[in-house]
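A quick write-up on the structure given underneath.
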Amino acid sequence: MARGRRWALGLGLFALSVGTSCQLVSGVGDYSFGAGGAGGAGGATGGAGGSGGAAPCAGASFCGLWAVTFPVTGSLAASRTDALAREGAATVAVGEFAGTGTFAPGVTVPATGLSDFFAVRVQDDGQKELVATYGGNALDMLAGFAAVDFGGHYWVAGSNVGSPSFGGQALQGTGVFLAHFGPNVDAVVPFPTPSINGGELGALAVDAAGNLYTAGSFGGSVDLGLGSMAATALDGLVVALDPQGALRWVVQLGGAGDQRARGVAVDADGSVVVGGDYQNALVHHGQPEPGSASGDGFVLRLAALDGQAVDFRRITGASGSRAVRAVSRAGSSLLVAGDFSGQSDIAGTPQTASDTREAFVAELGPSLDTTWHVGIGGNTVLLQAVALDVAGGRITLAMRCPSQIRFDGKTILGGAGSNVCLAQLTEAGAPLWAASLGDDLDQTVTSVRALPDGAVVGGSASGDLDLGDVVLHASSTRQEAYVFRFVAP
């Protein structure tokens with residue numbers, strides 16, 4: 001069993017998951033899961049199935065149902081799950097890989113570029129099926145966020161280098177792109193940006209009419225079809241498209257220093273809400289917003305029709321830096337997640353980080369004021385709140401975290417390296433539990449899709465992630481993409 005897993009309930013209890021029928025399966029790209037009654041089926045490489053008897057995770061407080069990895073081989077091999085989409089009862093993992101990847105039993109694919117794109121469908125019993133890989137002379141999924149539309153299809157955002165082929169369409173030069181899967185690639189929207197200088201489209205949202213909103217950043221100059229824009233350093237970018245991928249409007253977030261749009265969501269009233277961070281100043285629609293040299297967070301509400309500004313909130317403090325990294329919606333409520341060092345006014349009044357860096361999740365009201373907020377402390381600057389989703393009356397937060405975190409007044413220990421940390425709260429902001437997963441190597445998390453009884457989580461890992469009676473095994477010498485599914489009470 002891996003050493004790194006620790007968890008705590010919001011009621012103030014420490015415990016380990018017990019009473020499950022999940023089984024550990026060893027080997028490359030394995031998953032494991034239990035089944036009630038008869039014994040479960042064997043894993044992809046012939047591991048033993050569940051032992052039968054009680055239902056999986058019966059009586060458990062936190063339980064991993066299954067875990068899969070996408071192993072790679074080669075001198076510079078690595079893989080990472082960048083985003084997750086739901087497709088019916090299945091999860092689609094999209095990401096990037098270098099070297100030769102194994103994506104399903106007996107299915108290996110060599111990358112044709114420096115880093116190629118992959119999409120893998122994982123059923124809710126852990127079975128894997130390769131959807132597609134795309135590459136060329138180079139393809140880099142720097143952003144890789146997926147959003148499911150109301151028809152069960154999904155969009156993928158990414159960035160490319162060189163001229164790779166994606167879904168039969170060549171992407172010319174360096175740029176960012178959007179691709180629609182239905183379920184295979186049936187539309188690609190390229191944005192050639194020769195001077196993008198590290199830009200990306202890192203967040204996606206879809207409204208009830210199927211309109212698409214994406215947010216990210218760019219450097220240099222770019223023309224997406226509505227006129228040229230030039231960045232001072234790294235500027236934020238918000239783009240709206242119709243259901244067919246036709247451009248509707250673009251908003252630039254500029255100013256001295258760097259500006260990044262990291263999260264986007266559609267609010268209950270149909271407006272578009274963007275979150276991110278900036279240095280010194282942020283200029284939108286000709287309106288300058290003051291900032292600090294160390295970095296402030298922001299939340300900007302835009303009209304869905306034309307992208308005009310509706311409301312703006314600066315998240316600031318007397319010292320340190322602040323960032324909003326994720327935006328989501330829970331019914332009629334707007335949620336944001338991020339992190340800060342030094343001080344922050346995310347709680348409505350100035351607060352000092354309990355440790356070197358503190359993560360937070362907060363509910364914002366109609367005027368972007370804070371209704372409630374919950375902080376999660378960490379002992380190093382590794383702590384970052386990177387993914388947020390809501391389902392089943394629960395808020396699920398996924399974080400990259402250090403060797404220990406503080407949640408609901410309790411200290412939760414993890415491995416000595418960087419860890420994957422999860423936390424759940426009620427939609428009213430009451431803490432439920434938090435867990436630290438990892439060993440003494442390096443694990444990261446990029447995305448989470450909440451489900452009524454738990455969530456699906458994706459990222460990359462070197463070493464083990466301990467989910468209780470399921471342990472995810474990745475290479476100890478390279479980063480490998482993973483997806484796992486857990487349930488919680």
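The values are calculated or read from the model by the stated rules, or taken from the named source; none is laboratory data. Computed from a prediction, not measured in an experiment: that's the story for all the values here. Because the Cβ atoms are built from the backbone with ideal geometry, glycine has one as well, and the counts that use them run over all protein chains shown.
If I ask for residues that are among the acidic types (Asp, Glu) and in contact with a strand residue (DSSP E or B) (Cβ under 6 Å, 6 or more places away or on another chain), which ones from the stretch 440-465 would you list?
ASP442, ASP453, ASP464
Which numbered condition in (1) in a loop (DSSP other than H, G, I, E, B); (2) surrounded by 23 or more Cβ atoms within 10 Å (Cβ to Cβ) is the only one that SER475 fails?
It is condition (2) that SER475 fails.
Can you name every residue in the stretch 395-450 that is acidic (Asp, Glu) and either closer than 14 Å to ASP466 by Cα or modelled with pLDDT under 90 (or both)?
Hits for the stretch 395-450 are ASP439, ASP440, ASP442.
How many of the residues making up the stretch 307-342 are within 11 Å of LEU364 (Cβ to Cβ), in contact (Cβ under 8 Å) with a residue 60 or more places away in the chain and touching a Gly at 6+ places or on another chain (Cβ under 6 Å)?
Selection size over the stretch 307-342: 3.
Restricting to the stretch 173-206, name every residue that is at pLDDT 65 or above and not in a strand (DSSP E or B).
GLY173, THR174, GLY182, ASN184, GLY199
Working only within the stretch 244-288, note down all residues that are surrounded by fewer than 17 Cβ atoms within 10 Å (Cβ to Cβ) and over 17 Å from GLN308 (Cα atoms).
Within the stretch 244-288, GLN244, GLY245, ALA246, ALA256, ALA268 qualify.
Quick one: is ASP306 under 22 Å from ALA209 (Cα atoms), at pLDDT below 95 and over 22 Å from the mean Cα position of the chain (by Cα)?
no
Which condition does PHE360 not pass, out of (1) in a loop (DSSP other than H, G, I, E, B); (2) among the hydrophobic types (A, V, I, L, M, F, W, C); (3) under 30 Å from LYS410 (Cα atoms), if it passes all the others?
Among (1) in a loop (DSSP other than H, G, I, E, B); (2) among the hydrophobic types (A, V, I, L, M, F, W, C); (3) under 30 Å from LYS410 (Cα atoms), PHE360 violates only (1).
Mind checking which strands (runs of 3 or more DSSP E) fall wholly inside the stretch 212-299 and carry at least 1 residues that are among the β-branched types (Val, Ile, Thr) and within 20 Å of THR174 (Cβ to Cβ)?
Strands (runs of 3 or more DSSP E) meeting the threshold: 212-223, 228-241, 247-253.
Please indicate, with yes or no, whether at least one residue in the stretch 332-352 is among the polar types (S, T, N, Q) and crowded, with 24+ Cβ neighbours inside 10 Å.
yes
How many residues does the stretch 415-452 contain that are assigned to a loop (DSSP other than H, G, I, E, B), in contact with a Leu (Cβ under 7 Å, 6 or more places away or on another chain) and surrounded by fewer than 22 Cβ atoms within 10 Å (Cβ to Cβ)?
1
Name the pairs whose Cβ atoms lie under 6 Å apart, with the first residue in the stretch 290-306 and without any contact (Cβ under 8 Å) to a residue 40 or more places away in the chain and of a type outside the set (A, V, I, L, M, F, W, C), the second surrounded by 15 or more Cβ atoms within 10 Å (Cβ to Cβ) and assigned to a loop (DSSP other than H, G, I, E, B), and 6 or more positions between them or separate chains?
GLY291/ASN280; GLY295/GLN279; GLY295/SER321; ASP296/THR316
Out of everything in the stretch 309-326 that is surrounded by fewer than 18 Cβ atoms within 10 Å (Cβ to Cβ) and assigned to a loop (DSSP other than H, G, I, E, B), what residue ends up being farthest from the chain's Cα centre (by Cα)?
ALA318
What number of residues in the stretch 250-300 are acidic (Asp, Glu), at pLDDT 95 or above and farther than 27 Å from VAL390 by Cα?
Adding up the residues that qualify gives 1.
Taking the stretch 81-90 on its own, how many of its residues are of a type outside the set (Gly, Ala, Ser) and surrounded by fewer than 24 Cβ atoms within 10 Å (Cβ to Cβ)?
Of the residues in that region, 2 qualify.
Does LEU382 qualify as being under 21 Å from the mean Cα position of the chain (by Cα) and among the hydrophobic types (A, V, I, L, M, F, W, C)?
So LEU382 passes the test.
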